Amino acid sequence: MRTFGRWLGRILLVLLLCVMGLLAPVGYTELTCQGDAAPQPYDAILAPEHHRAESRTYLTYPEWHIVHAYDDYAQVIATRDPHDFGFLRSIAGFWSTLCEVTRVASAHGGVPRDTKQMVYVIGVSFTAELLLKAAYEESLGRVVAALRGPERAPLDDLSAAQARSYASFLQQVPWYRWDFTADAEALEAAATDRLRDRERRLALGLEYRAKAAYAQVIAAAVETVGADALTLRMIVTGYAGQGEEGLEVIAARDAGLEVETIRYRALTYLLQDLAARGVNFIEIAGNDDIMLTVISESPTFDAARSSMRRQGYGDYRHLVGLKVRDLGARLRRYRQDGIRVEHIHDY
């Protein structure tokens, strides 16, 4: 009985240390990443019911870091193995950029409590997931890949294709809507008797089914509190009313046209198309500041708040803040200079 008690105590201690380790980045962010800049006054044009917290243009990045991480992972395993992906590097990138954008957010209305809680929850979940995946892929996964040899097994290619489809899905749709069960069943159907296929079927099948169960919990929670809005309002000038999908003209205002648009990745494409036709943006969701990310071959970029190397691609992502009124001209200049805009972060 005493032996059982000792082992139970050790297990509880290990679990406590794991929890403390996962929460350590949260404590670090709370204690050291708080900016002291005062918010800048701005008289919004749009009605208050169409305002969104300006700080969220910066605080949406941590969510997108996770989206980008899955994209990087898909790029890496398209030709290599999962253990070639820098799991720890991706985790560190999440928390370091969260620290930076948290400091910046103080000058844009601060960090709303619900946003802070959401970012911390997804950050801890992301960290736990990647640590577990790293522990497996860097040990047994690496050994089986070495025994396989340089020739990829069928499930190496199938899992890579699944990772690419999932990464593309995340660009516009929440992760919990992905059909992980279908991926697990596809592995079962395509597996051969090769050792690598048996190992991939078991390891990834367990991962997918665990995610499927967790996704149901998250989906139920989201249904209870309500999903985020799928559209936002903005004021634009120079729009001739070509009837783009995802844009509806609401009213003419003294400052320009009030329009309602789609959000997320589709908004990035829409704003780029509008800017290319000479449209300028005066205000978005009641705000006069916005952030975007651009991709370049250089490790530095003019006025970037943060820069990082993308895994699997060999280029760099840069976080750039600017005024909404400068967005149209900046997008046109980037297009002329051949600079790729990756994502415009709404609120």
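Please tell me if Leu327 is over 17 Å from the mean Cα position of the chain (by Cα), part of a helix (DSSP H, G or I), more than 23 Å from Ala92 (Cβ to Cβ) and free of Cβ contacts under 8 Å to residues at least 60 places away in the same chain. Here the answer is yes, as Leu327 does meet what is asked.
None of Arg233, Arg209 is surrounded by 15 or more Cβ atoms within 10 Å (Cβ to Cβ) and either modelled with pLDDT under 95 or in a helix (DSSP H, G or I) (or both) except Arg209. Could you check, for region 261-268, whether at least one of its residues is assigned to a strand (DSSP E or B) and not polar (S, T, N, Q)? Looking through region 261-268, at least one residue is assigned to a strand (DSSP E or B) and not polar (S, T, N, Q).
Within region 116-155, the set of residues being under 26 Å from Leu16 (Cβ atoms) and outside any helix (DSSP H, G or I) comprises Glu138, Ser139. In region 296-347, the qualifying residues are those that are farther than 24 Å from Gln40 by Cβ, out of contact with any Gly (no Cβ under 8 Å at 6 or more places or on another chain) and aliphatic (A, V, I, L, M), and the one that is modelled with the highest pLDDT is Val341.
Being in a strand (DSSP E or B) and surrounded by 13 or more Cβ atoms within 10 Å (Cβ to Cβ) is the requirement here; does Val222 meet it? Against the criterion (in a strand (DSSP E or B) and surrounded by 13 or more Cβ atoms within 10 Å (Cβ to Cβ)), Val222 does not qualify.
The number of residues in region 185-208 that are of a type in the set (D, E, K, R) and under 14 Å from Gln162 (Cα atoms) comes to 5. Keeping to region 305-323, report how many residues are closer than 11 Å to Asp72 by Cα and either assigned by TED's automatic domain parsing to the domain that holds Ile77 or assigned to a strand (DSSP E or B) (or both). The qualifying residues number 1. Considered as a group, the residues in region 67-109 that are among the β-branched types (Val, Ile, Thr) and in contact with a Ser or Thr (Cβ under 9 Å, 6 or more places away or on another chain) include one that is farthest from Ala145 (Cα to Cα), and that residue is Val104. Of all residues in region 312-324, those being touching a residue at least 60 places away in the same chain (Cβ under 8 Å), closer than 30 Å to Asp84 by Cα and not aliphatic (A, V, I, L, M) number 3.
Test Thr115 against the stated conditions and say whether it is hydroxyl-bearing (Ser, Thr, Tyr) and touching a strand residue (DSSP E or B) at 6+ places or on another chain (Cβ under 8 Å).
Details: hydroxyl-bearing (Ser, Thr, Tyr): yes; touching a strand residue (DSSP E or B) at 6+ places or on another chain (Cβ under 8 Å): no.
So Thr115 does not fit the description; no.
Quick one: would you say Thr293 is within 29 Å of Asp71 (Cα to Cα), outside any strand (DSSP E or B) and either under 24 Å from the mean Cα position of the chain (by Cα) or among the charged types (D, E, K, R) (or both)? No.
For residues that are touching a residue at least 40 places away in the same chain (Cβ under 8 Å) and either surrounded by fewer than 18 Cβ atoms within 10 Å (Cβ to Cβ) or not assigned by TED's automatic domain parsing to the domain that holds Asn280 (or both), tally how many sit in region 240-263. Show your work before the answer.
Within region 240-263, the first condition is being touching a residue at least 40 places away in the same chain (Cβ under 8 Å), and the residues that meet it are 253, 255, 258, 263.
Next, only the ones that are either surrounded by fewer than 18 Cβ atoms within 10 Å (Cβ to Cβ) or not assigned by TED's automatic domain parsing to the domain that holds Asn280 (or both) stay: 253, 255.
The qualifying residues number 2.
Could you grab me the full set of residues in region 123-181 that are touching a residue at least 40 places away in the same chain (Cβ under 8 Å) and acidic (Asp, Glu)? Within region 123-181, Glu137, Glu138, Asp156 meet the criteria. Pairing residues of region 207-231 that are among the basic types (Lys, Arg) with residues that are surrounded by 12 or more Cβ atoms within 10 Å (Cβ to Cβ) and outside any helix (DSSP H, G or I), at Cβ distances under 9 Å and at least 6 apart in sequence or on separate chains, gives Lys211/Trp178.
The values are calculated or read from the model by the stated rules, or taken from the named source; none is laboratory data. Just so you know, these numbers come straight off a predicted model, no measurement behind them. Here the Cβ is made from the backbone with ideal geometry for all residues, glycine too, and neighbour counts use every protein chain on show.
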